[in-house]
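Q: Following this message is one structure expressed as structure tokens.
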Amino acid sequence: MQLWNRRGDLGTQYSGSMLAEPAVVRNPEIMSGVPCFRGTRAPFKNLMDYLEGGHPLGGFLRQFPTVSPDLAVQALEEAKDSLLARIA
């Protein structure tokens with residue numbers, strides 16, 4: 001898997017197994033239970049909306065500096081794996 005740095009440039013590779021904790025979590029005490037990036041108050045839906053609008057990952061990361069590039073990529077990988085598991 002490729003990682004992206006804060007400018008949105010291609011970075012290093014990593015294996016998703018390196019990060020055991022889920023990237024997106026729900027906590028009723030944080031943002032009323034809206035799924036957010038782990039350790040932040042940034043909703044995962046914001047990333048999906050940003051990408052759907054044709055904006056690059058690097059732009060999202062600049063707008064949400066509490067979300068690391070690794071965490072954003074992990075969340076996208078987990079979303080992809082979840083979708084593929086549902087349709088398989």
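Please treat every number below as a calculation from the coordinates, not as lab data. No experiment lies behind these values; they were computed from the predicted model shown. Counting neighbours? That spans all protein chains shown, and the Cβs are built from the backbone with ideal geometry, glycine included.
Q: Taking K and R as +1 and D and E as -1, what net charge do the other residues with C-beta under 14 Å from the C-beta of residue 33 add up to? Could the numbers behind the result be given before it?
A: Numbers: positive: 26, 41, 45; negative: 29.
Local net charge: +2.
Q: Let me ask something additional. Residue 42's amide H: which non-local residues (gap 5+, or another chain) put their own amide H closer than 5 Å, with H modeled 1.01 Å from N in plane and none for Pro or chain starts?
A: Correct list: 37.
Q: How large is ³J(HN,Hα), in whole Hz, for each residue of the range 49-55 in order, when computed from phi with the Karplus curve 6.51 cos²θ - 1.76 cosθ + 1.60 and θ = phi - 60°, using x for Gly and Pro?
A: Result, rounded to whole Hz: 4, 4, 5, 4, x, x, 8.
Q: Can you tell me the length gained on complete extension of the stretch residue 62 to residue 26, counting 0.36 nm per residue apart and subtracting the Cα distance? Could the numbers behind the result be given before it?
A: Values: separation 36, 0.36 × 36 = 12.96 nm, distance 2.31 nm.
Full extension from residue 62 to residue 26 adds 10.6 nm.
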